[in-house]
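The values are calculated or read from the model by the stated rules, or taken from the named source; none is laboratory data. A quick note: this is a predicted structure, and the numbers were derived from the prediction, not measured. A quick note on method: Cβ atoms are made from the backbone with ideal geometry, for glycine too, and the neighbour counts reach across all protein chains shown.
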Amino acid sequence: MKLRLALLGAAATLFAGSHAALAQDANVEGRVKKLEKEMVAVQRQVFPNGAGKFFEPEIKPETATPNSNNSSSSAVSDLIVRVDALEAQLATLTGQVERQNNNYRLMDERLKAVEAELKQQKAAATAPPANTAAAVPLPAANSTPPKTTTVASTARMQAVAAIEKPVTGDAFDDSYTYGYRLWEGKFYPEAQVQLADTVKKFPKHPRASFARNLLGRAWLDDKKPASAVKILYDNYKDDPRGERAPDSLYFLGVALIDLNKPVEACEAFGQLAEAYPDIASGRLSDRVASGRARAKCK
């Protein structure tokens, strides 16, 4: 309201038709343009992938003619309309930010509860059984592994060694591409190690979002969704502008389905649709629809 009164009060001086009033008109006009640009910048920062429409002024200021009351009156009207638009857009943006923050909070709470539950299940599964009659003897330190195991291990090592390591001079791309090739060859544990190393070495790289997302997928495809959940969620939360942030939200939903958490999975798919509407209804539309069907989202 203070902004509105200040702008209208400044614009009212245009009726005097003096050179000073015209100069003040130009100053107010510049301030409104600056506010409009800042509004767009804020929207792009908060909703980097186009959730909601950006403010673009439809009213263009008219060039004032000296000593023209009609022109001054028109300029005031233009400023009123544009200030109204700024106020409306600010209210919309505020609502979107509050909703987004609430979604973050709810998802954080859900995932923390899931993590705590999984830890309890793991602890229960690894606890020694009560009243055990006798402990199972461990193999001798110098015992020879079964021949079939040795053959399988050797074959795997040879297969992994056959995956070509790129050498292009781009350290990040070489590291990420090698991890991708390991993942593509279904050598998931090896891919996990390689991609984790890539993320550690290049946390701020413009394409780090790709590496973190693929790291989460490597755990998910290795049938270990509990390990994938945090990686995928952090990739979205910590880098919402990253190119693979929407994909991580989708795979987060898939991981939660695999953990038998359909309610939380539906929340992840819903957040994807709200934060990245164009992507959710575009290149990820088939996957999202399939995920929602699996989770039986309403």
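Of all the listed residues (113, 123), the sole one being of a type outside the set (Lys, Arg), loosely packed, with under 13 Cβ neighbours inside 10 Å, at pLDDT 70 or above and not assigned by TED's automatic domain parsing to the domain that holds residue 36 is 113. Annotation note: Cβ proximity below 6 Å between a residue of region 206-227 that is over 15 Å from residue 244 (Cα atoms) and a residue that is acidic (Asp, Glu) and surrounded by fewer than 23 Cβ atoms within 10 Å (Cβ to Cβ) (sequence gap 6+ or interchain) occurs for 225/258. The residues of region 284-294 that are crowded, with 21+ Cβ neighbours inside 10 Å and out of contact with any Gly (no Cβ under 6 Å at 6 or more places or on another chain) amount to a single one, 288. Scanning region 228-275 for residues that are basic (Lys, Arg) and touching a residue at least 40 places away in the same chain (Cβ under 8 Å) gives 230, 237, 241, 261.
For every residue, the table says whether it meets (1) touching a strand residue (DSSP E or B) at 6+ places or on another chain (Cβ under 7 Å); (2) at pLDDT 95 or above; (3) farther than 18 Å from residue 223 by Cα; (4) not assigned by TED's automatic domain parsing to the domain that holds residue 247.
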site	(1), (2), (3), (4)
155	no, no, yes, yes
177	no, yes, yes, no
180	no, yes, no, no
188	no, yes, no, no
193	no, yes, no, no
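Out of the residues in region 147-188 meeting the condition of being in a helix (DSSP H, G or I) and among the basic types (Lys, Arg), tell me which one is surrounded by the fewest Cβ atoms within 10 Å (Cβ to Cβ). Applying the filter and picking the extreme gives 147.
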